[in-house]
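Right, one structure below, let's go through it.
The values are calculated or read from the model by the stated rules, or taken from the named source; none is laboratory data. Here the structure is a predicted model, which means the values were calculated and not measured. Backbone-built Cβ (ideal geometry, glycine too); neighbour counts: all protein chains shown. Note: accessible area is taken over every heavy atom of the protein model, side chains too, but ligands, DNA and RNA are not part of it. Shrake-Rupley method; radii C 1.70, N 1.55, O 1.52, S 1.80 Å.
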Amino acid sequence: MTRKNNSMGAMLLQKESFRRTKFGTLLYSDPISDHEESSNNSARSSNASSAPSPPRTSSFNGTNTTANNSPNYFMSPWNQSASPYVKSPWIHQPLLDSAEESESSDCKNGLIGSLVREEGHIYSLAASGDLLYTGSDSKNIRVWKNLKEYSGFKCQSGLVKAIVVYGDKIFTGHQDGKIRVWKFLGKKRKAYKRVGSLPTVRDYLKSSINPKAYVEVRRNRNVPWIKHFDAVSCMSLDKERGLLYSGSWDKTLKVWRLSDSKCIESINAHQDAINSVVVGFDGLVFTGSADGTVKAWRRELVGNNAKHVLVETLLKQDNAVTSLAVNAAAATVYAGSSDGLVNFWERQKHFLEYGGALRGHKLAVLCVAVAGNLVLSGSADKSICVWRREEGGIHSCLTVLTGHNGPVKCLTVEEDSNGSDNDSEDEAPVEKRSDKYWRVYSGSLDNSVKVWRLSENCFSGFEEI
């Protein structure tokens, strides 16, 4: 009888462990806290294997989507007081010394090192050349070079949710709805100076006194249309046209002309918070939202003015879309969502066709990045899946990177010129010299940034950490 009771108790515990947890914060691409994640640490079965292909609808006239019931907007519960910048709380922990790399393998894949922060969660990353920019809830933007602290700058308010680098200017999107602009003062000074914001103070004051410049955002609340009134969650740069796109929890997509820092367009793009925006191929711009949709936009001439029009709604589902990434060379767009899937679409002549879903995570996908033919997805399950796109649009999972102790919130990628250098180029085969290496940075809620080196063609010697 005792054995039977124990068996029934085990079954009840097992049933309890597979109950789906609520991901209210994930609907806004804000991950769960470490306490919540650890309290629900049981493996959760993904419904990816039975997920049908998402519907595709085209529209040129409007955004006919159905809003999902999502939680109210909120400030981050992990907001903490900023630590003094004069003494950096970051610690460099090298895990892979070049002198200790395996001599028996030609592959140089692996974990290079970690930057561990004593307090604060990593919300945003950006890489430009050999510089890495990190944003967190401490309101500091820190700059790193060769895994060592190089410089940094601090804003007065606003958790840093997005970072974009354009030449010597850095654009940062914040929880308080502001986009701040900084300028690098040169390698000798190694300093950054705030040079403005978007919109500019002049433009904002000018629109504030114009009654026609106001739009209704909530009941009994009107604001100037050129400014976000909620958190700026994402940004993407169109270098060719000199445009910056910003998505916000206020459900709008705004377009900024960098030559004069003017907001030239504001689009009511979604029915819920915008979590991701990315400039794509063929003049397309993609947006992903907590309303479960992925939309494709294109700037076209409407009358005498150029405006963005909705070209196609690629995805319409109940689960929030948390992140987007584009492989421009292969004309493919990837979308991570809170159900743990990464859906993708490929260009087929004059339209985008659904290609399938990458299934590799137990919990929500929080970030997606592309490195050549590699696709990386970071998740609330603390892992990073590495996929490779093969001929014909087939994707194979090469490995799973582990090592973070919290949800992986952000990813960014830069080509690693050091990784492709061989000790003896004359003796190296042609195919090995032509292999491309990538440096991948992953930011997590465990207060760390991990640095990885990956190759598209060499995974035989890869060691999972």
Could you please find all residues in the range 385-398 being touching a residue at least 60 places away in the same chain (Cβ under 8 Å) and out of contact with any Asp or Glu (no Cβ under 6 Å at 6 or more places or on another chain)? Val386, Arg388, Arg389, Leu398
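Among the residues of the range 408-436, which ones are modelled with pLDDT of 90 or more and either out of contact with any Gly (no Cβ under 6 Å at 6 or more places or on another chain) or of a type outside the set (Val, Ile, Thr) (or both)?
Filtering the range 408-436 down to residues modelled with pLDDT of 90 or more leaves 408-414.
Correct list: Lys409, Cys410, Leu411, Thr412, Val413, Glu414.
Give the range 175-189 a look and list any residue that's open to solvent by 70 Å² or more (accessible area, probe 1.4 Å) and either hydroxyl-bearing (Ser, Thr, Tyr) or free of Cβ contacts under 8 Å to residues at least 40 places away in the same chain (or both), or say none.
Those that are open to solvent by 70 Å² or more (accessible area, probe 1.4 Å) and either hydroxyl-bearing (Ser, Thr, Tyr) or free of Cβ contacts under 8 Å to residues at least 40 places away in the same chain (or both): Lys183, Lys187, Lys188, Arg189.
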Condition check for Thr332: more than 14 Å from Leu284 (Cβ to Cβ) and buried (at least 20 other Cβ atoms within 10 Å of the Cβ): no
Inside the range 206-221, can you point out the residues that are open to solvent by less than 100 Å² (accessible area, probe 1.4 Å), part of a helix (DSSP H, G or I) and over 25 Å from Asp272 (Cα atoms)? Ser207, Ser208
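Out of the strands (runs of 3 or more DSSP E) lying entirely within the range 256-325, which hold 1 or more residues that are surrounded by fewer than 24 Cβ atoms within 10 Å (Cβ to Cβ), at pLDDT 95 or above and touching a Gly at 6+ places or on another chain (Cβ under 8 Å)? Walk me through how you get there before you give the answer.
Details: elements: 262-268, 274-279, 284-289, 293-302, 305-316.
In the range 256-325, the matching strands (runs of 3 or more DSSP E) lie at 293-302, 305-316.
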Does any residue in the range 226-249 that is open to solvent by 10 Å² or more (accessible area, probe 1.4 Å) come within less than 6 Å, Cβ to Cβ, of a residue that is charged (D, E, K, R) and part of a strand (DSSP E or B) six or more places away or on a different chain, and which pairs are these? Ser233/Lys161
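Take the residues in the range 190-205 that are among the charged types (D, E, K, R) and open to solvent by less than 100 Å² (accessible area, probe 1.4 Å); name whichever of them is farthest from Val255 (Cα to Cα).
Going through the range 190-205, the residues among the charged types (D, E, K, R) turn out to be 190, 193-194, 202-203.
If we keep only those that are open to solvent by less than 100 Å² (accessible area, probe 1.4 Å) as well, we get 190, 203.
Details: Lys190: 30, Asp203: 15 Å.
Going through the qualifying residues, I end up with Lys190.
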Neighbours by Cβ (under 7 Å, 6+ apart or cross-chain): first from the range 295-315, over 17 Å from Glu346 (Cα atoms); second outside any strand (DSSP E or B) and open to solvent by 70 Å² or more (accessible area, probe 1.4 Å): Val309/Phe60; Leu310/Phe60
Assuming Thr332 fulfils every condition listed in (1) free of Cβ contacts under 8 Å to residues at least 60 places away in the same chain; (2) within 18 Å of the chain's Cα centre (by Cα) apart from one, which condition is it? (1)
Considering only the range 375-400, state which residues are open to solvent by less than 50 Å² (accessible area, probe 1.4 Å) and in contact with a Phe, Trp or Tyr (Cβ under 6 Å, 6 or more places away or on another chain). Val375, His395, Leu398, Thr399
